[in-house]
1. Return the residue satisfying two criteria in turn: it lies in region 342-381 and is in a loop (DSSP other than H, G, I, E, B) and basic (Lys, Arg), and of such residues it is nearest to the chain's Cα centre (by Cα).
2. If I ask for residues that are within 20 Å of Cys261 (Cβ to Cβ) and either surrounded by fewer than 17 Cβ atoms within 10 Å (Cβ to Cβ) or not basic (Lys, Arg) (or both), which ones from region 525-542 would you list?
3. Only one residue in Thr91, Thr102 is farther than 15 Å from Tyr230 by Cβ, surrounded by fewer than 18 Cβ atoms within 10 Å (Cβ to Cβ) and at pLDDT 95 or above. Which one?
4. For a quick check of your reading: which helices (runs of 4 or more DSSP H) sit entirely within region 431-530 and have at least 3 residues that are over 30 Å from Asp606 (Cβ atoms) and touching an Asp or Glu at 6+ places or on another chain (Cβ under 6 Å)?
5. Mind checking which residues of region 459-478 are among the polar types (S, T, N, Q) and touching a residue at least 24 places away in the same chain (Cβ under 8 Å)?
6. Could you list, in sequence order, the residues of region 184-224 that are of a type in the set (A, V, I, L, M, F, W, C) and touching a residue at least 60 places away in the same chain (Cβ under 8 Å)?
7. Regarding Ser165, is this residue touching a strand residue (DSSP E or B) at 6+ places or on another chain (Cβ under 9 Å), small (Gly, Ala, Ser) and closer than 22 Å to Glu17 by Cβ?
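The values are calculated or read from the model by the stated rules, or taken from the named source; none is laboratory data. Everything quoted here is computed from the prediction, not taken from an experiment. FYI the Cβ positions are ideal-geometry reconstructions off the backbone, even for glycines, and counts take in every protein chain you see.
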Amino acid sequence: MCGITGFFDLKSSSSKEDLICMTKTLHHRGPDAFGTKLIQSASHIVGLGHTRLSIIDLSENGSQPMLYENYWICFNGEVYNFSSIKKELITLGHIFKGNSDTEVVLHAYIEWGESCLKRFIGMFAFVIYNKESEKFFCVRDRAGVKPFFYYFDGEIFLFSSELKSFHEHPKFKKKINLSSVAAYMQYGNVPSPHCIFENCYKLKPGHSLSFDLQSIKEKPNLHPSNQNKYWSVYDSYNKPKLDISFEEAKQETEKILQSACEYRMVSDVPVGVFLSGGYDSSCVTTLLQKNRTQKLKTFTISVPDIGLNEAPYAKEVADRLGTNHTEIACSQKEAIELIPSLPYYYDEPFADSSAVPTTLVSKMARKEVTVALSADAGDEVFAGYNRYDYLIRYGKKLNALPGFARNSMAGIMNQIPADKVPYFRKKYNFHNRYEKLKSLLQDPSPERIMKSLSEQFTEKDLNSILNFNPKELDTAYLSKELKQNYYTPLSFMMAIDYQTYLVDDILQKVDRATMTVSLEGREPLLDHRLIEYAAQLPDSYKYHNGIKKHILREITHQYLPKELMNRPKMGFAIPIAEWMHSDLKELVEEFISESKIKNQGIFNWDAIKQLKNNFYNGKKEYDYKMWFLLMFQMWYDKWMN
């Protein structure tokens, strides 16, 4: 795991010092080695920067930027099956100096071109530059585990694992994309392929970007529409469901899971597993420990002060499996003290509050291991989110109502504000639920339900709080790629989640939290072979009679008893409403102030003041809206002032 950055400067105005400064910002991603390379020609200059976290082949042979023949590579991530690919390349005449997967990736590209990507099992973001053809090839892994940002204004192309590198280049113009601000306020992140800045984008998962000097001079456009798709989750969802028994499906799913987990143990440094005691992490831990005599290192965090304590459940699982288990107890004080540093590491506005405990557990685990397996994506692959419940349980009921009845009910609700509804108006979050129900009565389609359950600020809210009219961004939330022949409401929602919430929230959170402390996070449930298989399973194998993640649960029950596992899903929630009323109130007053809001000119102070007053006068359902706003304001203060 590493940090990569660099530039392709058509004006040759960039310096070695610019490259060094860009690369230094990524020290936390790779503290073991630092490398830069400046490649000059008569017409342009290329800069490649790399910070290394040594995981495979700890020798100098794995150092980057790496050169072979006319090709330079800057690589971040892991290709777990590199050994088998290397053997094949050796039979084709390739000679290797070391044992790193980086060297294998470079040789594979030289041998097979872009089709080499089909052979890779792993997580990766890399750039290859051919100094003879003057061609750039940039790529991001299928699921988007590893980040890749780029900026292009017609004269200079910048790329990096994190946006903070761009601020170190004098040609970078940090002009805010206002439509991205609106999207952030909706979702708590800026959805791919967009960024908070203009002329700045994320390379989409499963996509590559290729260009050469001549083409970029003739047609200087690196808009996301020019990204090349080499893999999509829809490739599997747009296939007939498999006609097999549940038992056959369970056996094959376990086989793929086992392979995915074993691949992610490939390392020349210590490896551990994050264990919460829930189904996803327990399944991963079980499959890894069951055939091992050596005890796995497992880690669980608890912050008892705030009611975040899965430690007893995790310990029961660890004791049952016989792992070498560590409970990491943190205080509320430690959690709160971390918050002011979030805007630096999450250098684009980001509002998932579980970044706090995720960073804390990463920090503690790093004391013992350099690699940690995380069990993210179980919900997206096997249907684990509560919103799937809402869709299946209530979607049909809403759609069963005649259109005139739904419209009449919505019309009546429009005449009666939520604050005027007796009894219910005092219930937590009633205002938000009331507004969402009105919207769903007017349009109870899966698309509308998905949007309603995904957004925090509605379009009506945005019109109130923003000082501009935002343009809706083209994102995967609007995807129409699921063909009608294979459409089910559950498949629709899961495919959308796989490309949106998973990529821009979960994976961004885990990447930054782990990399903050130079810990490599690995994701076995994001092995592409798993989603390719699971997407073709009948919906009932994943969501069965109200039971979410049915097939994953049944695999786990073969090794852990149901009575040990069956408990409510906890997650990594923190009490942000309570904190903003107490420990964080000073931050709220500092950053959500009349002077700051008016000086920015982005938000309507009257609407923000009303929101703030409502929150402090007892409307705790506005906690996430306030948190989204606070995180944006803190980000703005860090990166724009």
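1. The residue in question is Arg366.
2. The answer is Leu525, Leu526, Asp527, His528, Arg529, Leu530, Ile531, Glu532, Tyr533, Ala534, Ala535, Leu537.
3. Sole residue among the options that is farther than 15 Å from Tyr230 by Cβ, surrounded by fewer than 18 Cβ atoms within 10 Å (Cβ to Cβ) and at pLDDT 95 or above: Thr91.
4. On the way: elements: 446-454, 459-465, 489-499, 508-516.
In region 431-530, the matching helices (runs of 4 or more DSSP H) lie at 489-499.
5. Ser464, Asn467, Thr475
6. Taking region 184-224 and keeping what is of a type in the set (A, V, I, L, M, F, W, C), we get 185, 190, 195-197, 200, 203, 209, 211, 213, 216, 222.
Listed by number, the residues that qualify are Met185, Val190, Cys195, Ile196, Leu203, Leu209, Phe211, Leu213, Ile216, Leu222.
7. On the way: touching a strand residue (DSSP E or B) at 6+ places or on another chain (Cβ under 9 Å): yes; small (Gly, Ala, Ser): yes; closer than 22 Å to Glu17 by Cβ: yes.
Taking the combined requirement at face value, the residue satisfies it.
Let's see how each residue does on (1) modelled with pLDDT under 95; (2) more than 30 Å from Leu630 (Cβ to Cβ); (3) more than 20 Å from the chain's Cα centre (by Cα):
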{"site": "Gln508", "(1), (2), (3)": "no, no, no"}
{"site": "Glu523", "(1), (2), (3)": "no, no, no"}
{"site": "Leu530", "(1), (2), (3)": "no, yes, no"}
{"site": "Asp539", "(1), (2), (3)": "no, yes, yes"}
{"site": "Arg553", "(1), (2), (3)": "no, yes, yes"}
{"site": "Lys562", "(1), (2), (3)": "yes, yes, yes"}
